[in-house]
Amino acid sequence: MSAERLLSTTVTAQTERRCVSLWSLREDVLVDMGCDAGPVVLSGRWGELRLHQARPVVREALRRMSLGPISLANVVAEIAAESAVRPSSPGRRTADRPAVDASTEILVALHRLQHLVVRSLMLEGSDQLLMSVVPIAQSARYRADTADPRRPVRLSRFAFLRSEGEGFVLESPVSLYRVVLHSPEASWVIGMLGRPVTVDEIAAAVPLEATVIAEIIAHLLGTGMAHSAEQPSPDADTDTDTDDRTGPGTRDNGTGNRDVAPSFAEDRDPALLSWSAVDLLFHSRSTLGRHDADFGATYPLAERLPPAPAIKPLPDGPRLPLTRPSLSEVTAADPPLTTVVEERHSIRSYGSERLTAAVLGEFLYRALRVRGLYEPLGENRHQEGYTDRPYPSGGRAYELEFYLTVRDCVGIPSGIHYYAPLEHCLVQLGDSETDSATADLLAEAQITAGLPDPPSVVITITSRIHRLSWKYSGLPYALTLKHVGAVVQNLYLIGTAMGLASCALGSGDVELAARATGTDWLTEPSVGGFALGAPLRGSTEPS
């Protein structure tokens, strides 16, 4: 038999198979049957749920579902067969209720357990699942749906596909389910949904029966991973024989004419229009309520990597000690806090007066220095060193680092310097890469903040993210951005109290920052920036 004939036979055999629906419980759910007269207790990550007066058919279904995906029809049939041959007890009927009542009773029970129930599909005659729909939140409610073969379907613009283990996982911040793709066939269907297509169009391109594709689509619709196009309005004009328009609202129907493009409610939802897919995913995964991933201080890397030191080892280079101001004198000279807060604003114009090493040293000492260092005691792998500094940091991580690009400061060489917060000194980073990056960083800050002139000093803020990811799940990057906000406010207030021109930088080039500071953007990414200079005396320039 030729290879073409063999492939054709294989595809035909595959596409003639039907889809089988299977049910199971989440892997983290424990089922306690107790005694026959007592409740069935299901325990999971969202607490306990009790089913009182559960009949044998429900108990047996739950017992089997705790072991893996099962066919509910098989459970009902087996229980009915056992009941038919079981000797009758005095005062009881010999046979159980009709099978249809048993199926209904199981489905009613499972409706209460929607947030614990995994729905799977499998090709008939196969021992491999096609896909599984896993609830990931306590409020997950499956919306049963069917795929209209005439209506186009498209994947949600918020859905994303990633590899996990031996297969693909489809997730979305607007869905309370995770879709696990166990087989290539299911992935083929997902791959077709990047644009609006019908079930028949998919069936013409992948070796699956239309009924199987419809079942896959129905599960995607039920979880919100995909959406059906809205019905076109009755007065929609689809006859474009005399119209050459080819705008976004039309598409070629293959005959040279133009049809009205499918419309999806998701694309016009005001609540979703404000979000990009990346931002909404980041928000949903760095907070609780819409996912089932580990979260909080779980120490995910404690068994694999040691914690990062509380203080970053100093890089090589000449050290320049900075002035340590007298805090009593600073306190006596500073304006009241309310005055500082009220007068704080971004200043983007600079005067002729130059910054000095003494002024910059006082600024860094008051805003960023290490006030205390505490080393871990004993051999507890969940214990790490920590520091105390003038700004807050979650878990006392203090993972932020500060690099200064100096253009004009009396007493400090121009170039890029690392601020050592414990020693309160600058370490000059001098090589060809950093020298060439100095002008680039200054120009970037000028453009980013809309400054008429380049600032005297640019502070690049980086994050030793491992200080957070070693301890926390779900939180590291969101937490480091919160820390940046706290630090920027600190820099603003200290700069205002000292009469300096301060301005935060809203964005930055991560590649440029890595090249300038000599860091790896994956292990110590840049996460913020700040421009500093001497203001025009008497300036009341608004933000």
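The values are calculated or read from the model by the stated rules, or taken from the named source; none is laboratory data. Given the structure is predicted, the values throughout are model-derived calculations rather than measurements. Ideal geometry is used to build each Cβ from the backbone, glycine not excepted, and the neighbour counts take in all protein chains shown. In case anyone asks, the SASA skips ligands and DNA or RNA and just uses the protein heavy atoms, side chains included. Shrake-Rupley method; radii C 1.70, N 1.55, O 1.52, S 1.80 Å.
Observations
- Residues (of a type outside the set (Gly, Ala, Ser) and modelled with pLDDT of 75 or more) located in segment 93-113: ASP101, THR104, GLU105, ILE106, LEU107, VAL108, LEU110, HIS111, ARG112, LEU113
- Single residue of segment 394-424 satisfying the filter (within 21 Å of THR438 (Cβ to Cβ) and assigned to a loop (DSSP other than H, G, I, E, B)) that is nearest to the chain's Cα centre (by Cα): ARG407
- Failed condition for ARG348, given (1) in a helix (DSSP H, G or I); (2) in contact with a Leu (Cβ under 9 Å, 6 or more places away or on another chain); (3) within 20 Å of TYR492 (Cα to Cα): (1)
- Qualifying position, being at positive phi and of a type outside the set (Phe, Trp, Tyr), among HIS345, HIS417, HIS424: HIS424
- Number of residues in segment 164-187 that are free of Cβ contacts under 8 Å to residues at least 12 places away in the same chain and open to solvent by less than 30 Å² (accessible area, probe 1.4 Å) equals 0.
- Count of segment 380-390 residues which are crowded, with 18+ Cβ neighbours inside 10 Å and in a loop (DSSP other than H, G, I, E, B): 2
- Condition check for SER473: touching a strand residue (DSSP E or B) at 6+ places or on another chain (Cβ under 9 Å), modelled with pLDDT of 95 or more and surrounded by fewer than 17 Cβ atoms within 10 Å (Cβ to Cβ): yes
- Residues that are open to solvent by 50 Å² or more (accessible area, probe 1.4 Å) and outside any helix (DSSP H, G or I) within segment 441-464 comprise GLY450, PRO452, ASP453, listed in sequence order.
- Residue within segment 397-404 that is touching a residue at least 24 places away in the same chain (Cβ under 8 Å) and open to solvent by 10 Å² or more (accessible area, probe 1.4 Å) present: yes
Per-residue answers, yes or no, for (1) in a helix (DSSP H, G or I); (2) exposed (fewer than 11 other Cβ atoms within 10 Å of the Cβ); (3) at pLDDT below 95:
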{"residue": "ARG5", "(1), (2), (3)": "yes, yes, yes"}
{"residue": "THR9", "(1), (2), (3)": "yes, no, yes"}
{"residue": "VAL20", "(1), (2), (3)": "no, no, yes"}
{"residue": "ALA37", "(1), (2), (3)": "no, yes, yes"}
{"residue": "SER43", "(1), (2), (3)": "no, no, no"}
{"residue": "VAL76", "(1), (2), (3)": "yes, no, yes"}
{"residue": "GLY91", "(1), (2), (3)": "no, yes, yes"}
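Okay, residues lined up against (1) under 30 Å from ASP292 (Cβ atoms); (2) modelled with pLDDT under 95; (3) open to solvent by 30 Å² or more (accessible area, probe 1.4 Å):
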site	(1), (2), (3)
VAL427	no, no, no
SER432	no, yes, yes
ALA439	no, yes, yes
HIS466	yes, no, yes
TYR477	yes, no, yes
HIS483	yes, no, no
GLY518	no, yes, yes
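- Condition check for GLU384: of a type in the set (D, E, K, R), under 38 Å from the mean Cα position of the chain (by Cα) and modelled with pLDDT under 95: yes
- Scanning segment 353-379 for residues that are on the phi > 0 side of the Ramachandran plot and surrounded by 14 or more Cβ atoms within 10 Å (Cβ to Cβ) returns no hits.
- Subset of segment 450-472 [of a type in the set (Ser, Thr, Tyr) and out of contact with any Cys (no Cβ under 8 Å at 6 or more places or on another chain)]: THR460, THR462, SER463, SER469, TYR472
- Screening segment 31-49 for residues that are charged (D, E, K, R) and within 33 Å of the chain's Cα centre (by Cα) and picking the one that is farthest from ALA102 (Cα to Cα) gives ARG45.
- Residue tally, condition modelled with pLDDT of 95 or more and β-branched (Val, Ile, Thr), over segment 299-329: 1
- Criterion violated by GLU384 - all others in (1) touching a Lys or Arg at 6+ places or on another chain (Cβ under 8 Å); (2) closer than 19 Å to LEU491 by Cα satisfied: (2)
- When residues of segment 190-200 are limited to those that are farther than 17 Å from ARG162 by Cβ, buried (at least 16 other Cβ atoms within 10 Å of the Cβ) and in contact (Cβ under 8 Å) with a residue 24 or more places away in the chain, the one nearest to the chain's Cα centre (by Cα): PRO196
- Evaluation of LEU130 against the conditions (1) among the hydrophobic types (A, V, I, L, M, F, W, C); (2) within 19 Å of ARG45 (Cβ to Cβ); (3) touching a helix residue (DSSP H, G or I) at 6+ places or on another chain (Cβ under 8 Å) shows that the sole unmet condition is (2).
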